[in-house]
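These notes are about the structure you will find just below.
The values are calculated or read from the model by the stated rules, or taken from the named source; none is laboratory data. Being a predicted model, the structure only gives us computed values, none of them experimental. Here Cβ is always computed from backbone atoms with ideal geometry, including for glycine, and neighbour counts include all displayed protein chains. Side chains included, ligands, DNA and RNA excluded: accessible areas come from the protein's heavy atoms. Shrake-Rupley method; radii C 1.70, N 1.55, O 1.52, S 1.80 Å.
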Amino acid sequence: MYALVDCNNFYASCERVFNPSLNGKPIVVLSNNDGCVIARSNEAKALGIKMGAVAFQIQHIIRQHDIQVFSSNFLLYGDMSRRVMNILSAYSPNCEVYSIDECFLDLTGFDINFREYGSSIRNRVRKWTGLPVSVGIAPTKALAKAANRIAKKFSTLDGVHVIDTEEKRIKALKWLPIEDVWGIGRRYARKLQAMGVKTAYDFTQLPESLVRSFMTVVGWKLQKDLQGVPSIEMEVPEKKQSIATTRSFDRDYSIFDDLHERISTFTMMSAEKLREQKSMCQRLVVFIETNRFNEKEDFYSNSILLKLPFPTSSSLELVNFAVNGLKGIFRENKHYKRAGVILMDFVDANEYQPSLFFNSNPKHKNLMEAVDKLNSKYGKTLVRLASQDELMHKMRRRHLSKAYTTNFDELIEINI
């Protein structure tokens, strides 16, 4: 059996944990630079707010219904996610963190009452973090997804649904529209609907050869999973093949020093992730863009790929390479709106073969380890380059809530 634990309206719920007066009120969370809606509470969904709605185009609805608006506070959401995943790790030795708010648990071999187990998970997460979750349990991962959707939809189930009989499996699949099946994207949904496939049950009745011919082995595995035959396995985390940090700016930048600071910060952020997975990179891309929607200026975009003389994970060396790349593509009298750094072509830091002539400075290894430890314990910007500002993220976030769990100066205050 597999369980899927999914936090309900995760971003909105994180905001409510530290501000209970928001309970029952419609909430939307906006993307970087407060551009568009990326999360909604059930109350906001009921008012017709769509995912991806452009913020300035729905201002009249926000004012009319007193919708509570928040800028994305990923520092808070990431920390709350980490707490939830830590709790879930006690419920199974094999967990797969599927996204920031979802986690699969492998319950193979568990001889337990699964409904009580799901309720225990739900209650503990709620009690220890304040976040509501739904739990779906079934013989396969795809069916656990379907069970979780049912647990969310029907309040009489108290947030837990177990598919443990053939009757429940068929009933769930006949209820689930094909476009809502996990792994069926819009393109396949349209094709399947054109073939008369309206529900997940209809999909399981298609000939295997037909599914495999136009949905490849991935679609075939999904079909088997929905039929109750475990085919989609738990995934083991793998090292990333590339690490990118890209951002739009809060305003247009035209001075080189401003871009220098941003590129240095983006490189530092990427290098930290590179060291976390114990890799070194051999190539690096820097790109910059002006505002493509600015009708008063021709759009300018340029990038440069640098092959490094030696593999390295040192922030000092990578920032030096990246800034040299920036100098090659920067043009005066332009107003830049977006930039980014991409690290790629990795080698394992433990299997690295040094070169006879050019190598990373060996002193940097211990230095970077010390920097990472300090920043991990006391904050991301405690130790930084002189070329960096204290602000890691320079974005327009006019509705940002506090960092309740990661900043002593912003701890929640209680009046007694």
Quiz prompt | Subset of segment 287-323 (residues that are open to solvent by less than 40 Å² (accessible area, probe 1.4 Å), assigned to a strand (DSSP E or B) and out of contact with any Leu (no Cβ under 6 Å at 6 or more places or on another chain)) | solution = 287, 288, 289, 290, 308, 310, 311, 312
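Conditions (1) within 23 Å of the chain's Cα centre (by Cα); (2) under 30 Å from residue 173 (Cβ atoms), marked per residue:
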residue: 232; (1), (2): yes, yes
residue: 236; (1), (2): yes, yes
residue: 244; (1), (2): yes, no
residue: 249; (1), (2): yes, no
residue: 273; (1), (2): yes, no
residue: 278; (1), (2): yes, no
residue: 285; (1), (2): yes, no
residue: 296; (1), (2): no, no
residue: 303; (1), (2): no, no
Self-check item: Any helices (runs of 4 or more DSSP H) falling wholly within segment 138-209 and containing at least 1 residues that are more than 30 Å from residue 111 (Cβ to Cβ) and open to solvent by less than 40 Å² (accessible area, probe 1.4 Å)
Solution: 186-194, 200-204
Quiz item: So which residues in segment 65-95 are among the aliphatic types (A, V, I, L, M) and touching a residue at least 40 places away in the same chain (Cβ under 8 Å)?
Solution: 67, 69, 75, 76, 80, 84, 87, 88
Quiz item: Do we have residue 284 as assigned to a helix (DSSP H, G or I), touching a residue at least 24 places away in the same chain (Cβ under 8 Å) and open to solvent by less than 40 Å² (accessible area, probe 1.4 Å) here?
Solution: no
Quiz item: Does residue 222 qualify as being under 30 Å from residue 139 (Cβ atoms), touching a Gly at 6+ places or on another chain (Cβ under 7 Å) and in contact (Cβ under 8 Å) with a residue 40 or more places away in the chain?
Solution: yes
Exercise. List the number of the failed condition for residue 273; all other conditions in (1) outside any helix (DSSP H, G or I); (2) of a type outside the set (A, V, I, L, M, F, W, C); (3) closer than 28 Å to residue 354 by Cβ hold.
Key: (1)
Quiz item: With respect to residue 356, is the statement that it is surrounded by fewer than 16 Cβ atoms within 10 Å (Cβ to Cβ), out of contact with any Asp or Glu (no Cβ under 6 Å at 6 or more places or on another chain) and not small (Gly, Ala, Ser) true?
Solution: yes
Quiz item: Taking only pairs six or more apart or across chains, which ones have beta-carbon atoms under 6 Å, a first residue in segment 387-416 that is modelled with pLDDT of 75 or more, and a second residue that is in a loop (DSSP other than H, G, I, E, B) and among the β-branched types (Val, Ile, Thr)?
Solution: 404/412
Practice problem: Give the residues of segment 284-325 that are farther than 27 Å from residue 273 by Cβ and not acidic (Asp, Glu), sorted by residue number. | Solution: 290, 291, 292, 293, 294, 296, 299, 300
Quiz item: When you scan segment 105-137, how many residues do you find that are in a strand (DSSP E or B), touching a Phe, Trp or Tyr at 6+ places or on another chain (Cβ under 8 Å) and crowded, with 21+ Cβ neighbours inside 10 Å?
Solution: 2
Quiz item: What about residue 231, is it farther than 30 Å from residue 45 by Cα, touching a helix residue (DSSP H, G or I) at 6+ places or on another chain (Cβ under 9 Å), in contact (Cβ under 8 Å) with a residue 60 or more places away in the chain and hydroxyl-bearing (Ser, Thr, Tyr)?
Solution: yes
Practice problem: Could you pull out every one of the strands (runs of 3 or more DSSP E) wholly within segment 30-99 that has 1 or more residues that are of a type in the set (Phe, Trp, Tyr), open to solvent by 20 Å² or more (accessible area, probe 1.4 Å) and closer than 29 Å to residue 144 by Cα? | Solution: 95-99
